[in-house]
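Peer 1: This is the structure I want to talk about, given as structure tokens.
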Amino acid sequence: MYTISRFSQLCKMSPRMLRHYDKEELLKPLHVDETNGYRYYEKSQLETALLINKLKEYRFSLPEIKTILQTSDRKFFIEFIHSKINELSNEVNRYRQIIAEMQEMIEKKEDIIRGKRRTYDILLGMRKEVSIISQSLQIPIADMDKYIDSIYAQAEENHIQLLGAPSVLFLDEEFTPDNSNIELMIPIIHENGCNTASEWQIKLLPEQFIATTLHFGSYDDIGYAHMALEEWADSNGYRLDGLPYETYLKGPECDSPACEYVTQISFPIMKKARQ
């Protein structure tokens with residue numbers, strides 16, 4: 001058997017890390033001396049330790065590694081690997097996009113420190129009464145496209161004719177990307193006899209006065225569009241009369257780069273009471 005010090009040299013893990021893996025039940029020592037607490041490992045555990053190192057290199061989390069170590073199902077392991085490949089591919093694409101944006105910033109000689117705040121055209125009008133298919137969700141923002149695809153499929157299955165692009169109401173007071181409370185909405189032609197389901201419903205949005213603007217580009221700086229609407233409303237004597245919502249006119253589903261996304265932001269508004 002190996003002492004924890006010798007085992008750490010062989011598997012290139014610090015004794016502190018090995019103790020943590022023991023606590024997480026990833027790699028428990030074969031024997032712990034009850035008198036002094038010394039940990040001892042055997043040769044066969046070296047293979048497990050080296051596998052943990054390799055899986056960490058592949059960007060698997062400790063809970064994921066624990067799941068892999070506990071299964072002997074090769075099919076499950078391969079599926080897990082494919083899922084991680086897709087995750088890393090998305091991350092690589094995101095880094096490529098960031099690099100492209102940084103290069104463009106340099107080439108355009110923009111003020112990198114202070115940044116450049118874009119301007120937005122604000123339109124004011126009355127949103128007509130419209131029927132929508134609606135679904136309330138509590139999901140990671142990254143999964144939103146999957147749920148949009150699902151509601152499109154459900155509409156088709158139930159012979160519901162869609163009229164426009166999907167919109168999202170963000171119901172949380174704070175931005176919680178890993179667990180966002182949202183309402184997904186798509187305008188429809190509502191015919192009598194349309195079925196509803198426990199996952200979604202059909203309802204009527206009333207006529208409402210709204211201010212809107214278009215944001216072109218990545219969602220990362222869409223906050224500027226919201227800010228422009230807030231400032232316009234305040235300076236023109238309006239206040240919010242409901243939750244803002246975003247309508248995704250062009251996004252990832254078009255297989256286009258983020259710089260080509262088009263999002264409409266709508267603020268329900270009403271005139272401020274005179275003081």
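The values are calculated or read from the model by the stated rules, or taken from the named source; none is laboratory data. Worth saying up front: this structure is predicted, and the values here are computed from it rather than measured. Virtual Cβ from ideal backbone geometry, glycine too; neighbours counted across all protein chains shown. Only protein heavy atoms, including side chains, enter the accessible area calculation; ligands, DNA and RNA are left aside. Shrake-Rupley method; radii C 1.70, N 1.55, O 1.52, S 1.80 Å.
Peer 1: Select from segment 28-59 the residues that are acidic (Asp, Glu) and assigned to a helix (DSSP H, G or I) and list them in ascending order.
Peer 2: Filtering segment 28-59 down to residues acidic (Asp, Glu) leaves 33-34, 42, 47, 57.
Correct list: Glu47, Glu57.
Peer 1: For segment 45-58, how many residues are under 17 Å from Arg6 (Cβ atoms) and open to solvent by less than 70 Å² (accessible area, probe 1.4 Å)? Before you say what the answer is, go through the steps one by one.
Peer 2: Narrowing segment 45-58 to residues under 17 Å from Arg6 (Cβ atoms): 45-50, 53.
Those left that are additionally open to solvent by less than 70 Å² (accessible area, probe 1.4 Å): 45-46, 48-49, 53.
Number satisfying all stated conditions: 5.
Peer 1: I'd like the full set of residues that are in contact (Cβ under 8 Å) with a residue 12 or more places away in the chain and farther than 17 Å from Thr71 by Cα, limited to segment 24-40.
Peer 2: Of the residues in segment 24-40, the ones in contact (Cβ under 8 Å) with a residue 12 or more places away in the chain are 24-27, 29-31, 38-40.
Pro29, Leu30, His31, Tyr38, Arg39, Tyr40 - these are the residues of segment 24-40 that are in contact (Cβ under 8 Å) with a residue 12 or more places away in the chain and farther than 17 Å from Thr71 by Cα.
Peer 1: Let me ask something else about it. Of the residues Ser218, Ser256, which is among the polar types (S, T, N, Q), closer than 23 Å to Gln103 by Cβ and in contact (Cβ under 8 Å) with a residue 24 or more places away in the chain? So that I can check it myself, show each step before the final result.
Peer 2: Numbers: Ser256 fails: in contact (Cβ under 8 Å) with a residue 24 or more places away in the chain.
Answer to the check: Ser218.
Peer 1: Report the residue count in segment 82-122 for those that are at pLDDT 80 or above, surrounded by 12 or more Cβ atoms within 10 Å (Cβ to Cβ) and outside any helix (DSSP H, G or I).
Peer 2: Total satisfying the criteria: 2.
Peer 1: Sticking with this one: For segment 1-27, enumerate the residues that are hydrophobic (A, V, I, L, M, F, W, C) and assigned to a helix (DSSP H, G or I).
Peer 2: Going residue by residue through segment 1-27, those that are hydrophobic (A, V, I, L, M, F, W, C) are 1, 4, 7, 10-11, 13, 17-18, 26-27.
Listed by number, the residues that qualify are Ile4, Phe7, Leu10, Cys11, Met17, Leu18.
Peer 1: If I ask for residues that are in contact with a helix residue (DSSP H, G or I) (Cβ under 7 Å, 6 or more places away or on another chain) and over 27 Å from Arg94 (Cβ atoms), which ones from segment 136-185 would you list?
Peer 2: Leu162
Peer 1: Please indicate, with yes or no, whether at least one residue in segment 132-155 is open to solvent by 50 Å² or more (accessible area, probe 1.4 Å), over 18 Å from the mean Cα position of the chain (by Cα) and among the acidic types (Asp, Glu).
Peer 2: Among the residues of segment 132-155, not one is open to solvent by 50 Å² or more (accessible area, probe 1.4 Å), over 18 Å from the mean Cα position of the chain (by Cα) and among the acidic types (Asp, Glu), which makes the answer no.
Peer 1: Moving on to the next point. What's the number of the condition Lys66 fails, among (1) modelled with pLDDT of 90 or more; (2) in contact with a helix residue (DSSP H, G or I) (Cβ under 6 Å, 6 or more places away or on another chain)?
Peer 2: Of the numbered conditions (1) modelled with pLDDT of 90 or more; (2) in contact with a helix residue (DSSP H, G or I) (Cβ under 6 Å, 6 or more places away or on another chain), the odd one out for Lys66 is (2).
Peer 1: Inspect all residues belonging to segment 31-38 and state whether any of them is surrounded by 11 or more Cβ atoms within 10 Å (Cβ to Cβ), in contact with a Phe, Trp or Tyr (Cβ under 8 Å, 6 or more places away or on another chain) and on the phi < 0 side of the Ramachandran plot. Spell out the reasoning first.
Peer 2: So the first thing to find is which residues in segment 31-38 are surrounded by 11 or more Cβ atoms within 10 Å (Cβ to Cβ), and the list is 31-32, 38.
Retained after the next criterion (residues that are in contact with a Phe, Trp or Tyr (Cβ under 8 Å, 6 or more places away or on another chain)): 31-32.
After this cut, where a residue has to be on the phi < 0 side of the Ramachandran plot as well, the list is 31-32.
Yes, some residue in segment 31-38 is surrounded by 11 or more Cβ atoms within 10 Å (Cβ to Cβ), in contact with a Phe, Trp or Tyr (Cβ under 8 Å, 6 or more places away or on another chain) and on the phi < 0 side of the Ramachandran plot.
Peer 1: Read through the list (1) touching a helix residue (DSSP H, G or I) at 6+ places or on another chain (Cβ under 7 Å); (2) touching a residue at least 40 places away in the same chain (Cβ under 8 Å), then give the number of the only condition that Lys43 fails.
Peer 2: (1)
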